[in-house]
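The values are calculated or read from the model by the stated rules, or taken from the named source; none is laboratory data. Predicted model only: the values in this text are computed from it and were never measured. Heads up, the Cβs are rebuilt from the backbone with ideal geometry, glycines too, and the neighbour counts pull from every protein chain shown. Note: accessible area is taken over every heavy atom of the protein model, side chains too, but ligands, DNA and RNA are not part of it. Shrake-Rupley method; radii C 1.70, N 1.55, O 1.52, S 1.80 Å.
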Amino acid sequence: MSAPAIEPVRTPVTASPARKPAGKRRTTPARFDTALGWSDRPGPAWALRVLLCALALGVFAAPFLTVFSGSFSEKASGSTLSFLPHHPTLLNFQVAGERGIWDYFGNSLVIAGGGLLLQLVVCTLAAYALARHRFRGQALILTLFMLTMMLPEEVIAIPLSLVLGHVPVVGLDLKGTVWGVILPLGAWGFSVMVLTEFMKDIPAEIEEAARIDGVGELRMLWQVILPLCRPALGVAGVLGFIMIWDQYLLPLIAAKDPTDYTVTVALSILRTDPEVGSGVVLAGAVIALIPSLIVYLLLQRSLVTGIAAGATKG
């Protein structure tokens with residue numbers, strides 16, 4: 001006798017929800033698709049957004065436009081808001097050049113370039129040690145780096161002037177040299193903090209795989225860690241350059257002669273010179289502004305990426 005055939009149990013198939021036709025899909029953004037839930041359709045909210053953007057643009061852009069227009073105006077006034085130069089001329093730049101603005105500009109370039117290079121090297125090495133190694137006093141050292149950011153320059157101006165005049169142990173006088181300005185800028189707590197936090201997020205498996213291949217410490221830092229830290233290096237590079245370029249008190253106390261001044265100190269000299277007008281001072285400000293704009297434009301992608309990576313951390 002043959003066994004009765006058993007039919008397989010069929011599970012009921014649930015009907016899938018009908019998809020919306022392609023023509024009926026939503027193509028306009030929802031209420032919270034835009035910033036603060038504002039709709040992109042013309043209306044009161046759209047007009048308010050345009051008004052606020054125009055107001056913010058005017059607040060930030062108006063001073064720069066005034067500086068640029070005043071530097072090319074024959075009779076400029078620092079207290080007058082003007083977006084277009086009156087009687088355009090290059091005489092202001094010529095007078096600023098005769099007052100030695102380009103020599104001061106060269107001093108600033110040497111100090112900013114050397115100081116930024118030294119700062120990135122020192123801060124990168126310090127951040128690598130703090131982020132990828134464990135040792136006693138690690139938290140204390142990181143705290144000391146952060147404490148240096150809380151001391152205003154005016155507090156350490158006199159002690160720093162004494163140290164630069166007679167460096168302990170070696171007994172060198174660094175005043176009147178570029179090293180008197182570069183060496184105090186060799187380490188910055190902000191760069192150490194940014195690079196340390198970024199290096200901590202690098203997976204340990206990458207470092208372990210490199211060590212299995214026999215990679216040493218310097219090669220590990222140069223070929224493995226640094227390529228992954230380009231956004232953080234961009235942040236440290238842009239902000240570090242601006243910090244060094246805008247130095248005023250340090251070049252002033254480290255100089256022995258007016259020829260040692262930087263362009264920031266030269267602007268204050270031009271401002272107190274009774275023989276030059278506001279147009280010459282504004283022309284010097286434009287000259288001093290150019291390197292910061294160039295550095296920002298070259299590294300803006302790394303700067304934005306690094307800031308976004310820090311904002312979305314965790």
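At-a-glance table
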| read-out | value |
| --- | --- |
| Förster radius 25 Å - calculated FRET efficiency between Arg134 and Ile206, Cβ distance, rounded to 0.05 | 0.90 |
| Most positive-pole-ward Cα, Leu90, Phe105, Leu116, against dipole of region 88-169 from beta carbon charges | Leu116 |
| By accessible area with a 1.4 Å probe, ligands and nucleic acids excluded, highest first: order of Met220, Met243, Met146 | Met146, Met243, Met220 |
| FRET efficiency estimate (nearest 0.05) - Cβ-Cβ, Val122 to Ile158, R0 22 angstrom | 0.35 |
| Rounded, prolate or oblate (a/c below 1.5 giving rounded, otherwise prolate when a/b exceeds b/c) for region 193-314 by Cα gyration tensor | prolate |
| Coarse-grained scattering of region 135-183 at q = 0.21, 0.27, 0.30 Å⁻¹, given as base-10 log I(q)/I(0) from a Debye sum over alpha-carbon atoms | -0.84, -0.95, -1.02 |
| Per DSSP, loop GluC sites (Glu not before Pro) in region 179-278 with at most 16 further Cβ within 10 Å | Glu275 |
| Backbone HN-Hα couplings from phi across region 154-164 [Karplus 6.51/-1.76/1.60, Hz, Gly and Pro as x] | 5, 6, 9, 5, 5, x, 5, 5, 5, 5, 5 |
| Radius 11 Å from Cβ of Asp260, net charge of other residues (Lys, Arg +1; Asp, Glu -1) | 0 |
| Cα pair distances in region 215-269, grouped into 5 Å bins until the bin that holds the longest one, percent each | 4, 17, 16, 13, 11, 9, 9, 11, 7, 2, 0 |
| Stretchable slack from Asp246 to Met149, in nm (0.36 nm times residue separation minus alpha-carbon distance) | 33.3 nm |
| Sequence-distant residues sharing a close amide H with Val215 (under 5 Å, placed H) | none |
| Scattering profile of region 100-225 at q = 0.16 Å⁻¹ [log10 I(q)/I(0), Debye over alpha-carbon scatterers] | -0.94 |
| Karplus (6.51, -1.76, 1.60) ³J(HN,Hα), θ = phi - 60°, over region 273-280, in Hz, Gly and Pro reported as x | 7, x, 8, 10, x, 5, x, 5 |
| Hz values of 3J(HN,Hα) by residue in region 128-143 - Karplus curve (6.51, -1.76, 1.60), Gly and Pro given as x | 5, 5, 6, 8, 10, 9, 10, 7, 5, x, 5, 5, 5, 5, 5, 5 |
